[in-house]
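Enquirer: Here it is, the structure in full.
The values are calculated or read from the model by the stated rules, or taken from the named source; none is laboratory data. Not measured: the values here are computed from a predicted model. We place every Cβ from the backbone using ideal geometry, glycine too, and count neighbours over all the protein chains shown.
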Amino acid sequence: MKSILRALSAIEDALGWLSAAAMFAIMLIVVCDVVLRYFFHSPLSWAYDLISLYLVAAVFFLSLSAAYTEGAHVNVDILQQTFPPRAIRLSEVVTTAIGAAVFALITYFGALRTLDAYASSDVLSGAIPWPTWPSLALVPLGCGLMTLRLLVQLVAQLLSLATGRDLVPVRIGHGEGEHFE
């Protein structure tokens, strides 16, 4: 189990760096486009398509699983706060299983859509005929990794529920400064 977690974390870290690089590329392209547009009246015609089709998708989907691992996704736990510890574990098992099923479906249908776009040589119309399949491939890549992370989390939660030991931390409550008054 530890080797699976290490491998999964290494993949998440690598994709996190790629996501950060995509964000940096967005900033760099926007700055260049603004400078060229307002000072030289010659904007980058391809900037919007590259950013909106590839880079934003990379930022989102490549960091999806790592954000979950870090607890950075929204977690509504107002009802869980009233549950006893075993019921909290059970609710986490149910929600993690549902999440894994949803992300598995997104992965499956995203892969089908990607393969279809690749097979049909689907491109965007415009000055540059950008192929759509690389952007579409980010969906099953990111969601597939999220599915794996959720399945690993689900196994750990089931073991915690069965043994009564906290093998994974319970995600409940708020850190300092993270609540509304």
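Enquirer: Got at least one residue in the stretch 135-158 being surrounded by fewer than 14 Cβ atoms within 10 Å (Cβ to Cβ), closer than 30 Å to Leu44 by Cβ and in contact (Cβ under 8 Å) with a residue 12 or more places away in the chain?
Expert: No, that holds for no residue.
Enquirer: Applying the selection to the stretch 72-98, what residues are loosely packed, with under 15 Cβ neighbours inside 10 Å, under 20 Å from Leu158 (Cβ atoms) and under 24 Å from the mean Cα position of the chain (by Cα)?
Expert: If the condition is that a residue be loosely packed, with under 15 Cβ neighbours inside 10 Å, under 20 Å from Leu158 (Cβ atoms) and under 24 Å from the mean Cα position of the chain (by Cα), then Asn75, Val94, Ile98 are the ones that fit.
Enquirer: Condition check: assigned to a helix (DSSP H, G or I), surrounded by 13 or more Cβ atoms within 10 Å (Cβ to Cβ) and at pLDDT 90 or above. Does Ala21 satisfy that?
Expert: Numbers: assigned to a helix (DSSP H, G or I): yes; surrounded by 13 or more Cβ atoms within 10 Å (Cβ to Cβ): yes; at pLDDT 90 or above: yes.
It is true that Ala21 is assigned to a helix (DSSP H, G or I), surrounded by 13 or more Cβ atoms within 10 Å (Cβ to Cβ) and at pLDDT 90 or above.
Enquirer: For the stretch 48-66, check the following and say yes or no: at least one residue is touching a Lys or Arg at 6+ places or on another chain (Cβ under 7 Å), surrounded by fewer than 16 Cβ atoms within 10 Å (Cβ to Cβ) and at pLDDT below 95.
Expert: Step one: list which residues in the stretch 48-66 are touching a Lys or Arg at 6+ places or on another chain (Cβ under 7 Å), which gives 65.
After this cut, where a residue has to be surrounded by fewer than 16 Cβ atoms within 10 Å (Cβ to Cβ) as well, the list is none.
Within the stretch 48-66, not a single residue is touching a Lys or Arg at 6+ places or on another chain (Cβ under 7 Å), surrounded by fewer than 16 Cβ atoms within 10 Å (Cβ to Cβ) and at pLDDT below 95.
Enquirer: In addition: Can you list the helices (runs of 4 or more DSSP H) lying wholly within the stretch 24-118 that have 2 or more residues being more than 23 Å from Thr147 (Cα to Cα) and free of Cβ contacts under 8 Å to residues at least 24 places away in the same chain?
Expert: Here the list reads 47-50.
Enquirer: Working only within the stretch 119-134, note down all residues that are under 30 Å from Leu44 (Cβ atoms) and in a helix (DSSP H, G or I).
Expert: Trp133, Pro134
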